[in-house]
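Peer 1: Take this structure, written in structure tokens, and hold onto it; I'll ask about it next.
The values are calculated or read from the model by the stated rules, or taken from the named source; none is laboratory data. None of these values were measured; they are calculated from a predicted model. Note that each Cβ is placed from the backbone with ideal geometry, even for glycine, and that neighbours are counted across all protein chains shown. Ligands, DNA and RNA are excluded from the accessible area calculation, which covers all protein heavy atoms including side chains. Shrake-Rupley method; radii C 1.70, N 1.55, O 1.52, S 1.80 Å.
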Amino acid sequence: ASLQTLHLASLAHSQINMAMGAGTLATGAVFVSQPSEGLATAALMTNAGLTSALGYHMTSSIGGADMPVVITVLNSYSGWALCAEGFMLDNPLLTVVGALIGSSGAILTHIMCEAMNREISSVILGGMGTKSTGGETDMSIYEGVHTEINVDQCVDALNEADSVIIVPGYGLAVAKAQYAIADIVAKLTKQGTKVRFGIHPVAGRMPGQLNVLLAEAGVPYDVVEEMEEINDDFTETDVVLVIGANDTINSAAIDDPNSIIAGMPVLEVWNAKNVIIMKRSMAQGYAGVENPVFFKENTDMLLGDAKQTCDALSAKIE
């Protein structure tokens with residue numbers, strides 16, 4: 001069975017969390033007060049059930065776009081739990097290792113929240129807003145008709161380009177298209193085309209996932225650049241090839257102050273001369289918001305499975 005990627009929309013989720021948290025503390029207090037064996041067992045079992053339900057409810061209330069932050073938070077929690085276990089067992093090794101895991105997870109969580117312009121409390125409590133204050137929305141940015149192209153047209157655009165930036169997203173990881181992309185990069189580079197990658201800090205489902213996949217496929221590390229390094233170069237780029245990315249290239253983060261991703265730093269791919277976006281469909285990303293970039297005049301959509309499409313591109317690029 002699989003869980004829904006959309007967040008759990010409960011009107012009273014904060015109150016439910018607080019009630020279960022209070023129940024957890026109460027049953028914990030009963031257990032440590034050394035009651036009878038039967039009462040202690042009942043308190044322990046109740047505590048276990050409440051903590052499990054609390055963990056599920058808190059996590060499921062967080063939107064899919066915030067999942068990279070959730071992963072780092074849970075990683076930090078596991079470290080502190082191990083550290084506490086080390087104290088209980090008087091085991092210095094467990095204590096030190098747990099402290100290292102917990103602190104590194106906390107530091108990474110802070111970095112991720114800064115990259116997404118989010119408050120950690122907003123993420124953990126299931127809040128949907130960003131640090132942006134909001135304002136009037138210009139609905140015209142969501143209007144328009146998308147343009148679709150085929151593999152041959154995409155190949156022509158890549159062959160004619162002097163500079164190409166590839167922006168991978170979670171869709172590339174799901175399709176396992178990194179090896180096909182590495183072949184495309186090698187062929188374009190051999191032609192004399194300047195090819196680079198632009199990686200968003202929260203692209204994928206965990207920090208650094210796409211960097212690892214590209215390295216695994218043999219992509220040279222010196223052509224893989226972070227968002228801060230490459231964002232200013234889009235205006236001088238002939239073609240941007242987006243593969244399976246959505247929220248991390250969403251211009252609504254800049255243009256729509258009322259968007260739930262407003263204020264989140266994004267890769268400004270729409271500033272390039274031509275943008276080609278590879279996706280399975282025109283569906284929304286994990287944040288559940290429309291992407292105006294799909295409808296811009298300089299954007300073309302290449303719909304289909306990323307692996308199959310990249311294989312077809314690689315086969316036709318000389």
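Peer 1: Roughly how big is segment 234-295's charge dipole about its Cα centre, with Cβ charges of +1 (Lys, Arg) and -1 (Asp, Glu), in debye to the nearest 20? Walk me through the numbers on the way to the answer.
Peer 2: Numbers: 3 positive and 7 negative charges, 51 e Å.
That gives segment 234-295 a dipole magnitude of about 240 debye.
Peer 1: For the chain, modelled as a GNM with alpha-carbon contacts under 10 angstrom, which of Pro265, Pro220, Pro207 fluctuates the most?
Peer 2: Taking springs between Cα atoms under 10 Å, the residue moving most is Pro220.
Peer 1: Could you sort Glu297, Glu37 by accessible area so the largest value comes first, with the probe set to 1.4 Å? Please list the in-between numbers first.
Peer 2: Values: Glu297 190, Glu37 155 Å².
I get Glu297, Glu37, largest accessible area first.
Peer 1: Taking the Cα centre of segment 146-277 as the origin and placing charges on Cβ (Lys, Arg +1; Asp, Glu -1), which of His200, Ile243, His146 is farthest toward the positive end of the dipole?
Peer 2: The residue sitting farthest along the positive end of the dipole is Ile243.
Peer 1: Quick one: length gained pulling Ala22 to Lys194 fully straight, 0.36 nm per residue minus the C-alpha distance?
Peer 2: Working: separation 172, 0.36 × 172 = 61.92 nm, distance 5.81 nm.
My answer for the length gained is 56.1 nm.
Peer 1: OK, next. Full extension from Thr235 to Ala48: what is 0.36 nm times the residue separation minus their Cα-Cα distance, to one decimal in nm?
Peer 2: That pair, Thr235 and Ala48, stretches by 61.8 nm at full extension.
Peer 1: May I pose another question? Using label points projected 7 Å from each Cα along Cα→Cβ, tell me how many nm separate Ala40 and Asn159, to one decimal.
Peer 2: Result: 7.8 nm between the two label points.
Peer 1: R0 = 45 Å: FRET efficiency of Lys176 with Asp90, Cβ-based, nearest 0.05? Intermediate results must be reported in sequence, preceding the final value.
Peer 2: Working: r = 46 Å, r/R0 = 1.02.
E(calc), rounded to 0.05, equals 0.45.
Peer 1: Heavy atoms of the protein only, probe of 1.4 Å, neighbouring chains included. What is the accessible area of Thr309 in Å², nearest 10?
Peer 2: Using a 1.4 Å probe on the heavy atoms, I get roughly 10 Å².
Peer 1: Along the charge dipole of the chain, which of Ile62, Thr189, Gln178 sits closest to the positive end, that is, farthest toward it, with unit charges on the beta carbon of Lys, Arg, Asp and Glu (+1, +1, -1, -1)?
Peer 2: My answer, from the dipole projection, is Ile62.
Peer 1: If you don't mind, there's one more thing I want to ask. Using 0.36 nm per residue, how much length does the chain from Glu216 to Tyr77 gain when fully extended, once their Cα-Cα distance is taken away?
Peer 2: Numbers: separation 139, 0.36 × 139 = 50.04 nm, distance 2.91 nm.
Gain in length upon complete extension: 47.1 nm.
Peer 1: With only Lys, Arg, Asp and Glu charged, each at its Cβ (+1 for the first two, -1 for the last two), find how big the charge dipole of the chain is about the Cα centre; round to the nearest 20 debye.
Peer 2: Numbers: 14 positive and 35 negative charges, 211 e Å.
Rounded to the nearest 20 debye, it is 1020 debye.
Peer 1: Next question, about the same structure. How far apart, in nanometres, would the label points at Val145 and His57 be if each is projected 7 angstrom from Cα along the Cα-to-Cβ direction?
Peer 2: In this crude spin-label approximation the distance works out to 4.9 nm.
Peer 1: Ok, one more. Give me, ordered by chain and number, the residues 5 or more places off Val224 or on other chains with an amide H under 5 Å from its own placed amide H.
Peer 2: Phe197
Peer 1: How much accessible area does Arg205 have with a 1.4 Å probe, in Å² rounded to the nearest 10?
Peer 2: Probe radius 1.4 Å; accessible area of Arg205 about 50 Å².
Peer 1: Using Cα-Cα distances under 8 Å and only pairs 6 or more residues apart, what relative contact order does the chain have, in percent? Spell out each step's value before the answer.
Peer 2: Numbers: 550 pairs, mean separation 59.8, N = 318.
Answer for the chain is 19 percent.
Peer 1: Can you find, among Leu25, Ala253, Ala106, the residue sitting farthest towards the positive end of the charge dipole of the chain, where Lys and Arg contribute +1 and Asp and Glu -1 at Cβ?
Peer 2: Working it through, the farthest residue towards the positive pole turns out to be Leu25.
Peer 1: Also, quick follow-up: Per residue and in cubic angstrom, what volume does the convex hull of the Cα atoms of the chain have?
Peer 2: 153
Peer 1: If we count every other residue with Cβ under 9 angstrom of Ile317's Cβ, Lys/Arg +1 and Asp/Glu -1, where does the sum land?
Peer 2: Working: positive: Lys187, Lys316; negative: Asp183, Glu318.
Here the charged neighbours net out to 0.
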